[in-house]
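Student: Here's a structure for you.
The values are calculated or read from the model by the stated rules, or taken from the named source; none is laboratory data. In this text, all values refer to a predicted model and were calculated from it rather than measured experimentally. Every residue, glycine among them, receives a Cβ derived from its backbone with ideal geometry; neighbour counts consider all protein chains shown.
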Amino acid sequence: MITPIPSNRQERWDWIESFLQEWRPRIPASPQQLDRQFASMDNVDRFSLPQSMTEWYRLVGRQLESVVYQNHFFPPDALKAMGDMLVVCVEHQGTVRWAIRLDDREAEDPPVFQDIKNTPAMNGGPRWKQVSYSFSEFVVQLVILETMAFAGYRANGVLERSGAEEIENTYSRLNLPDTYWPGNPTRFLVDGDRLLLQLDYGVPRSWLWIAAHDRETLFAAVEALDVDWQDITTADDASS
């Protein structure tokens, strides 16, 4: 079962580790390896990272680029200051940035904000929009986003907004706040422990991504949902 996202930070790391082992197995580096790296990274000393960011780097270790593959999550020695923000991650085409406030770097688990490149305001609001209550919550969102793009059994397609709303009424929503990329908003849903859904709301049409544990679950969802499927990919395709 894909369980609700814990409110406790340490339990969130446990959730992420369990999720990655189930959906995207990898071999983590040891904390000792990362500690040796930290000693030689000037930016870590300069910015005095929040505890949650240090814990995240220790969790993924040298596998950071494997865990966050589509987008670019900066390692500790490449973090970038932008005005009063510390940019931690950039979308793979450079159009979206995520950051914490420099003033929050002493906080244990600060909120994360999103910026749309070359857009002075999003929805008429400030340029930086809060998209998570904490860094650890943002990492959960990002790990799920990455999984949707690279799961062994996955599909995506377009649907009318009414169809998106019907899907929200059919499946269980994960207890995460709205994020604003790639949809406006983007929401995550689940069906038991074998199907993940990502709804990207748009105008006039929305986009749906699904990731499944196996071929049978994937094609059952494809047949059941009223979606104009644009791509269906299975692990069988990759091995053929």
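Student: Mind listing whichever residues of the range 161-212 are of a type in the set (Asp, Glu) and in contact with a Leu (Cβ under 8 Å, 6 or more places away or on another chain)?
Tutor: Passing the criteria: Glu168, Asp191, Asp200.
Student: Would a scan of the range 213-228 turn up a residue that is in a loop (DSSP other than H, G, I, E, B), acidic (Asp, Glu), farther than 28 Å from Trp13 by Cβ and at pLDDT 90 or above?
Tutor: Yes, that holds for at least one residue.
Student: Is it true that Gln141 is farther than 15 Å from Leu208 by Cβ, of a type outside the set (A, V, I, L, M, F, W, C) and assigned to a strand (DSSP E or B)?
Tutor: When the stated conditions are applied, Gln141 does not pass them.
Student: Can you tell me which residue in the range 184-212 is farthest from Val112 (Cα to Cα), limited to those that are among the small types (Gly, Ala, Ser) and at pLDDT 90 or above?
Tutor: Only one residue fits best here, namely Ala212.
Student: Here's a follow-up. Please go through (1) closer than 26 Å to Ser7 by Cα; (2) in a loop (DSSP other than H, G, I, E, B) for Val203 and return the number of the only condition it doesn't satisfy.
Tutor: For Val203, the exception is condition (1).
Student: Separate question: Just checking, which of Val227, Val158, Val222, Val203 is among the β-branched types (Val, Ile, Thr), more than 18 Å from the chain's Cα centre (by Cα) and buried (at least 19 other Cβ atoms within 10 Å of the Cβ)?
Tutor: Val227
Student: Now for a different question. Which of the residues that make up the range 164-200 are polar (S, T, N, Q) and either crowded, with 19+ Cβ neighbours inside 10 Å or in contact (Cβ under 8 Å) with a residue 40 or more places away in the chain (or both)?
Tutor: Asn175, Thr179, Asn184, Thr186, Gln198, listed by residue number.
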